[in-house]
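Everything on this sheet refers to the single structure shown next.
Laboratory data are not the source of any read-out in this text; all were calculated from the coordinates shown. Being a predicted model, the structure only gives us computed values, none of them experimental. Because the Cβ atoms are built from the backbone with ideal geometry, glycine has one as well, and the counts that use them run over all protein chains shown.
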């Protein structure tokens, strides 16, 4: 059975549903649980605006990411899991590749994540991190959809 469950999180309801599933499974089988949240620092890395301080914006993004991760960790603990939590910093990298690299280096044997279920034009414009993970993962991937979307 699974020993190391990797769960990417953001602050969405869909992500929370996936987190709940990952926690239930980790508790049931006694697996280790790793929560990760990706922050994209490249969007304000150029300092191209005269009115905003890029360093302050990046600091705010990091703080917001730490808060998202802390909330996910607290939710996991309420569900009986004992997760480790980690922030991944992106500088314009492909998020799916970053997640898979971290999962591989952590030796995950299952990835559990939410999928927002975009289709049509939104899918074309936004892409899908979950789809990228699913296409390139070397381990099983459990995708959780939000039935309310």
Item to complete: Quickly work out the residue 42-to-residue 59 label distance, labels modelled 7 Å from Cα along the C-beta direction, and quote it in nm with one decimal.
Response: 2.5 nm
Worksheet entry | Relative exposure of 93, 102, judged by other C-beta atoms within 10 Å (fewest first) | 93, 102
